[in-house]
Amino acid sequence: MRRPRPASVTVIAYMLFMNMGDTITNFLLFGRLPEAPLTGTFLSGSVQWQLLEAGGYADFFIAAGLLCAQRWARLAYVIVGTLSMAYIIAIASQTQGGHAMQLPFAVLAFATFLYLLYREDARLYFASAKLPRPSPGGRRRIGACLYIIAAVYAYWCFNAIVLGITEIYPASLHRDKLVFIALPVILIAEWVGNTPGRLARASILSTAFALYLAQMFFYKYTSPYAAQMGPSLWQLRNWSIGMAGIALALHYLQWSRGARK
């Protein structure tokens with residue numbers, strides 16, 4: 001049978017989906033603005049917007065491939081990530097300010113994700129892609145769909161503060177608090193699906209959100225081009241800390257339960 005998917009692979013895929021969602025939301029709300037996303041670089045504004053759009057498409061297909069144990073997705077992540085690192089290095093060498101601070105963080109995150117994708121458990125998972133896997137029952141499918149709906153809804157709640165939409169539409173300032181509505185949906189999904197690994201699924205989702213929110217806070221805090229003033233930045237900071245605390249607590253519960261067995 002196919003090897004179970006490592007939690008690290010799932011977290012990376014979730015983060016790629018959320019980054020793709022940011023790109024889509026940005027284009028739906030604002031389109032391609034006349035000015036370049038980053039000024040003072042060697043690329044024109046139109047090329048930068050095209051790269052941003054292409055990166056969103058790449059994130060979607062790579063994330064879907066990782067979840068389906070496709071080895072090409074892992075190779076694609078390496079290629080796209082390497083090109084992204086080269087782009088960030090080129091930008092940091094030409095611009096002043098926050099981009100130089102973002103470079104070590106981006107390189108460290110990319111190196112860490114590469115290690116996780118090529119670790120022994122990940123290699124076995126991708127090697128078993130062609131092996132059969134058990135067919136989920138009807139209840140499990142319904143539970144999985146509800147879980148996905150809850151995760152997408154939670155992402156939508158955070159999206160306003162991540163993209164700084166609250167600075168443009170103040171009415172969306174408190175949309176992040178609606179994320180608590182996702183909790184009962186997740187509980188219903190777990191009850192309907194009735195599958196083992198509840199703590200693992202919750203810790204994976206919270207870890208993905210914590211890393212996603214933390215990276216966006218770091219970007220907004222250091223970038224000279226992002227909106228650094230306003231309530232959305234501090235909401236982002238608070239949610240990053242809160243989700244990190246929840247993820248650590250769930251990981252500890254999962255570890256303590258395994259230690260008792």
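The values are calculated or read from the model by the stated rules, or taken from the named source; none is laboratory data. Note that the structure is a prediction, hence the values are computed from the model and not measured. Methodologically, a virtual Cβ is constructed for each residue, glycine included, from the backbone with ideal geometry; neighbour enumeration extends over all protein chains shown. Note: areas computed on protein heavy atoms with side chains; ligands, DNA, RNA excluded. Shrake-Rupley method; radii C 1.70, N 1.55, O 1.52, S 1.80 Å.
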Discussion item. Among (1) open to solvent by 40 Å² or more (accessible area, probe 1.4 Å); (2) over 29 Å from Ala106 (Cα atoms), there is one condition Glu190 misses while meeting the rest; what is its number?
Written reply: (1)
Worksheet item: Quick one: what pairs do we get from region 125-144, first residue under 22 Å from Ala7 (Cβ atoms) and in a helix (DSSP H, G or I), second small (Gly, Ala, Ser) and modelled with pLDDT of 80 or more, C-beta under 6 Å, 6+ apart or different chains?
Response: Tyr125/Ala69; Phe126/Ala69; Arg140/Gly193; Gly143/Ala189; Gly143/Gly193
Worksheet, complete the sentence: Ala208 fails exactly one of (1) in contact with a Ser or Thr (Cβ under 8 Å, 6 or more places away or on another chain); (2) closer than 18 Å to Leu16 by Cα; (3) open to solvent by 40 Å² or more (accessible area, probe 1.4 Å); (4) touching a residue at least 40 places away in the same chain (Cβ under 8 Å), namely (3)
Fill in: Residues located in region 159-187, provided they are open to solvent by 40 Å² or more (accessible area, probe 1.4 Å) and either of a type in the set (S, T, N, Q) or outside any helix (DSSP H, G or I) (or both)
Leu163, Tyr169, Leu173, His174
Worksheet item: In this structure, is Gln254 open to solvent by less than 40 Å² (accessible area, probe 1.4 Å), modelled with pLDDT of 85 or more and over 20 Å from Val185 (Cα atoms)?
Response: no
Fill in: Matching option when the condition is loosely packed, with under 15 Cβ neighbours inside 10 Å, assigned to a helix (DSSP H, G or I) and either at pLDDT 75 or above or among the basic types (Lys, Arg) (or both), among Leu52, Leu28
Leu28
Discussion item. Open to solvent by less than 40 Å² (accessible area, probe 1.4 Å), farther than 18 Å from Trp156 by Cβ, out of contact with any Ser or Thr (no Cβ under 8 Å at 6 or more places or on another chain) and not in a helix (DSSP H, G or I): is that true of Thr195 in this structure?
Written reply: yes
Practice prompt. Report whether or not Trp156 is within 19 Å of the chain's Cα centre (by Cα) and surrounded by fewer than 18 Cβ atoms within 10 Å (Cβ to Cβ).
Written response: yes
